[in-house]
Amino acid sequence: MLAAAEQIPSGIYVKDDQGRYLYANAAAARLLGTTPAQVLGRTDGELLPDEHAVALRAADQAALSQQRLVLRDDKLPEAGGGVLEVQAARLPLADGRLCGVWTDLTELRRAQGQLRRALDQLETQQRQNEELRQELRDQAVRDPLTGVYNRHHFDEQLRREVDLSMREHREFALVYVQVDAYADFVARHGMAAGERVLQAVGQLLRSNTRAMDAPCRLGEDRFAVLLSGVGLATAHTRMESVRRQCEAHIVMLEGAELRFTVSMGVASFPHTTQDREALLRAAEGALEQARRRGSNCVMPATIPFTQPARPL
């Protein structure tokens, strides 16, 4: 039987009631960092550093007190300063003796750790790749100067809003925004100052809209805002707040304080108009009316008293 135990890759040992080794096969002695002959008659305190010996003795005592098979993980010192991770099975015998089996799981645990680290790295890389893809998708629909959406995104979002309104009978608003006298401003202060103004308008539009809204740049000094689920009156109130913020905003350039204003035209769907093209014309007409009034104001589109019924 002892000969068979010597062939088993797991470490097998027997201790007396004082914790002295009565038997240890070659695998157990190897885990203890010595030979079977050096193990016999000695305790863990004589073979191992104190921290390991104390932990093993406590585990032995716990198994003896329970008088049943106890499974747990032990840690043994490894040559070179590492730690061996072993699965331990302890079975109390007669007269206070203890039989134990150690199965070395060190390489398995290390491989598992490497696998976890590799999976973590893969997950991190996938997350970074997705963030990069999202950034590239975002760049494709963003105006690089102002950070708001571009004309292509505006056209797509307007189509979706019209379809959603027709399907779910909900309203939305379209706002045209134009920087007042932009060409004269650039002629007086230069293109750099003009770009700073456009950036300021873009920032104010972004900070005053929700994630479901779409502030867009349509041309050099022309912007548009799609306000989802918002009617004409609410859109007018919100855009009036933006207009005031633009009027109060100061653009600093080379120590000079520059100011600007904007004009806005607000239309809503379906209350102002019944189709996409009419909505665009209504917003354009409201913007022109704001400019005729001297600019720096927000004008709502006229709501007709009678409209043809929309098909359900």
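State all residues of the stretch 30-63 that are within 16 Å of Asp16 (Cβ to Cβ) and surrounded by fewer than 15 Cβ atoms within 10 Å (Cβ to Cβ); if no residue qualifies, say none. Leu40, Gly41, Gly45, Glu46, Gln61 - these are the residues of the stretch 30-63 that are within 16 Å of Asp16 (Cβ to Cβ) and surrounded by fewer than 15 Cβ atoms within 10 Å (Cβ to Cβ).
Taken over the stretch 282-312, the criterion of being under 14 Å from Val162 (Cβ atoms) and either modelled with pLDDT of 95 or more or touching a Cys at 6+ places or on another chain (Cβ under 6 Å) (or both) is satisfied by Ala282, Ala283. Comparison of Gly219, Gly194, Gly294, Gly229 shows that the only residue that is in contact with a strand residue (DSSP E or B) (Cβ under 8 Å, 6 or more places away or on another chain) and either surrounded by fewer than 20 Cβ atoms within 10 Å (Cβ to Cβ) or assigned by TED's automatic domain parsing to the domain that holds Tyr149 (or both) is Gly229.
Of the residues Gly231, Gly255, the single one that is under 21 Å from Arg210 (Cα atoms) and among the small types (Gly, Ala, Ser) is Gly231.
What is the one condition in (1) of a type in the set (D, E, K, R); (2) within 35 Å of the chain's Cα centre (by Cα); (3) in a helix (DSSP H, G or I) that Arg210 does not satisfy? With respect to (1) of a type in the set (D, E, K, R); (2) within 35 Å of the chain's Cα centre (by Cα); (3) in a helix (DSSP H, G or I), Arg210 is out only on (3).
A residue that is surrounded by fewer than 16 Cβ atoms within 10 Å (Cβ to Cβ) and farther than 30 Å from Ala55 by Cα occurs somewhere in the stretch 105-118.
Here is a list: Leu164, Leu84. Which entry is of a type outside the set (Asp, Glu) and over 30 Å from the mean Cα position of the chain (by Cα)?
Leu84
Please find, among Met252, Met299, Met264, the residue that is of a type outside the set (Gly, Ala, Ser), buried (at least 19 other Cβ atoms within 10 Å of the Cβ) and within 20 Å of Gly194 (Cα to Cα). Going through Met252, Met299, Met264 in turn, the sole match is Met264. Among the residues of the stretch 232-251, the ones that are more than 30 Å from Thr272 (Cβ to Cβ) and touching a residue at least 12 places away in the same chain (Cβ under 8 Å) come to 1 in all. Scanning for something within 30 Å of Glu254 (Cα to Cα) and in a loop (DSSP other than H, G, I, E, B), does the stretch 161-175 turn up at least one residue? No, every residue in the stretch 161-175 fails to be within 30 Å of Glu254 (Cα to Cα) and in a loop (DSSP other than H, G, I, E, B). The condition of being at pLDDT 95 or above, farther than 17 Å from Arg170 by Cα and assigned to a loop (DSSP other than H, G, I, E, B) holds for only one of Phe223, Phe260, that being Phe260.
Scanning for something under 32 Å from the mean Cα position of the chain (by Cα), at pLDDT 95 or above and aromatic (Phe, Trp, Tyr), does the stretch 177-193 turn up at least one residue? So far as the stretch 177-193 goes, no, none of its residues is under 32 Å from the mean Cα position of the chain (by Cα), at pLDDT 95 or above and aromatic (Phe, Trp, Tyr). Considering His236, His271, His249, the condition of being at pLDDT below 95 and of a type outside the set (Val, Ile, Thr) is satisfied by His271 alone.
One residue stands out among those in the stretch 149-191 that are under 15 Å from Ser268 (Cα atoms) and β-branched (Val, Ile, Thr): the one that is surrounded by the fewest Cβ atoms within 10 Å (Cβ to Cβ), which is Val162.
The residue list Leu205, Leu174 contains one member that is modelled with pLDDT of 95 or more and touching a helix residue (DSSP H, G or I) at 6+ places or on another chain (Cβ under 6 Å), which is Leu174.
Within the stretch 34-47, the only residue that satisfies the criterion of being at pLDDT below 95 and touching a strand residue (DSSP E or B) at 6+ places or on another chain (Cβ under 7 Å) is Pro36. For Pro92, the requirement of being surrounded by 17 or more Cβ atoms within 10 Å (Cβ to Cβ), of a type outside the set (Gly, Ala, Ser) and farther than 22 Å from Asp17 by Cα is not met. Here the condition is being more than 36 Å from the chain's Cα centre (by Cα), over 19 Å from Asp180 (Cβ atoms) and assigned by TED's automatic domain parsing to the domain that holds Tyr182; of Thr273, Thr261, it holds for Thr273 alone. Of all the criteria given as (1) within 52 Å of the chain's Cα centre (by Cα); (2) closer than 17 Å to Leu91 by Cβ, the one not satisfied by Asp17 is (1).
The values are calculated or read from the model by the stated rules, or taken from the named source; none is laboratory data. Just so you know, these numbers come straight off a predicted model, no measurement behind them. Backbone-built Cβ (ideal geometry, glycine too); neighbour counts: all protein chains shown.
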